[in-house]
Structure formats: C-alpha cells, structure tokens
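The structure appears below as structure tokens.
The values are calculated or read from the model by the stated rules, or taken from the named source; none is laboratory data. Every value quoted in this text rests on a predicted model; they were computed, and no experiment measured them. Cβ sites come from the backbone with ideal geometry, for glycine too, and all protein chains shown count toward neighbours. The area values use the complete protein model at the heavy-atom level, side chains included, leaving out ligands, DNA and RNA. Shrake-Rupley method; radii C 1.70, N 1.55, O 1.52, S 1.80 Å.
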Amino acid sequence: MDPALAALTGDYTIDPAHSSIGFTVRHAMVTNVRGTFAEHEGTLRLDGTDPGASTASIDVRIASVDTGIADRDGHLRGGDFFDAERFPLMTFRSTRAEQLGGDAYRITGDLTIKDVTRPLSIDLEFNGSATDVYGNERVGFEGSAEILRSAWA
C-alpha cells in the first residue's frame, strides 16, 4: 500500500478541462491518424488503502470525435463507424482494480460501443496529487489500452 495514495481515498470527478481521451489508428497501413473525444465525463472512487476496491465510470460522447479533419470526423460519426445518432455514448464501467507495483495499476471493466460490451483492461500510472488554488485535491492518472474496433462492429 502506498501511504501517499491512502491519504487520497475519496470520490473524484474527472475534470474534462484537464483530461483527454484520445486514440491512434493505423490508416492504410502507412500512417497513423490521431484523434480525441472532446466531451467526456466520469467519476473515480479511489480507495487508497485497498486499491482493489476502487471503481471508475466514464461516459464519452461519440459525436465529439475530432481528428482535425471535418469530413473524416463526419464519416466516423456515421453508420460506417460509430453511428453516433443511434449510439451517442461509449461507456466504461470498472469491475476490478489492482495495484501492479509501485505507481502502476490496472483497471478492468466493460467497454460498451454501439451497444456491444466487451471486457477491457487499462494500465494506469499514478502521476501524483496536488491541492489546487481553490483547495480542491487533484489526483492524476494516465492510462492506455489497445482495442480492435472490429470487436465492436
């Protein structure tokens, strides 16, 4: 148990102004396309004394996809890809959390895209904590995972 993390036990709201949900996709096997989802919200219930009891919930607005090219973004929102009109949210609900050692963690849960739910594990690194100028406690995690879009087709 990390004593610094134990002091941070509590409920947190993901701050969209200081967080991002991004992706990198291999296109035509010769280049990478990067993008983000600008609109997302979520909560973290952090149990620093028992990291396995921590939970996370994230909702992403599919229509907020942004790759920097409006035509491509429109195509991604359409029926060939995300079908944002019929399926406006991508969601993640954690089912398990574990400390891997040091500042490394893994959170496992259910990722739902287009009403298809599959398990997903996200490796996280605890980046630290600080009290902001308003007296609010901030915690930072950074994570990544790989998925095959076709698994949610």
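Would you tally the residues in the stretch 43-54 being open to solvent by less than 60 Å² (accessible area, probe 1.4 Å) and not in a helix (DSSP H, G or I)? Going through the stretch 43-54 one residue at a time, the tally reaches 5. Could you tell me whether the stretch 131-149 includes any residue that is at pLDDT below 90, over 26 Å from Thr49 (Cβ atoms) and in contact with a strand residue (DSSP E or B) (Cβ under 9 Å, 6 or more places away or on another chain)? Taking every residue of the stretch 131-149 in turn, at least one turns out to be at pLDDT below 90, over 26 Å from Thr49 (Cβ atoms) and in contact with a strand residue (DSSP E or B) (Cβ under 9 Å, 6 or more places away or on another chain). Within the stretch 85-104, the set of residues being under 25 Å from Gly52 (Cβ atoms), open to solvent by 60 Å² or more (accessible area, probe 1.4 Å) and over 17 Å from the mean Cα position of the chain (by Cα) comprises Gln99, Leu100, Asp103.
In this entry, Phe82 is excluded by the filter for residues that are under 18 Å from the mean Cα position of the chain (by Cα), open to solvent by less than 60 Å² (accessible area, probe 1.4 Å), under 17 Å from Ala145 (Cα atoms) and of a type in the set (A, V, I, L, M, F, W, C).
Which of the residues that make up the stretch 9-41 are farther than 15 Å from Gly140 by Cβ, out of contact with any Gly (no Cβ under 7 Å at 6 or more places or on another chain), not hydrophobic (A, V, I, L, M, F, W, C) and not in a strand (DSSP E or B)? Within the stretch 9-41, just Glu39 meets the criteria. On the stretch given as the stretch 105-128, residues that are open to solvent by 40 Å² or more (accessible area, probe 1.4 Å), touching a helix residue (DSSP H, G or I) at 6+ places or on another chain (Cβ under 7 Å) and under 12 Å from Leu5 (Cα atoms) total 0.
Listed by first and then second residue, the pairs with beta-carbon distance under 8 Å, at least 6 apart or on different chains, first residue in the stretch 136-152 and in contact (Cβ under 8 Å) with a residue 12 or more places away in the chain, second open to solvent by less than 80 Å² (accessible area, probe 1.4 Å) and among the charged types (D, E, K, R), are Arg138/Asp15; Arg138/Asp132; Gly143/Asp123; Ser144/Asp123; Ala145/Asp123; Trp152/Lys114.
Name the single residue that is nearest to the chain's Cα centre (by Cα) among those in the stretch 46-67 being modelled with pLDDT of 95 or more and closer than 22 Å to Glu137 by Cβ.
The residue in question is Ile58.
Within the stretch 133-142, one or more residues are β-branched (Val, Ile, Thr) and open to solvent by 50 Å² or more (accessible area, probe 1.4 Å).
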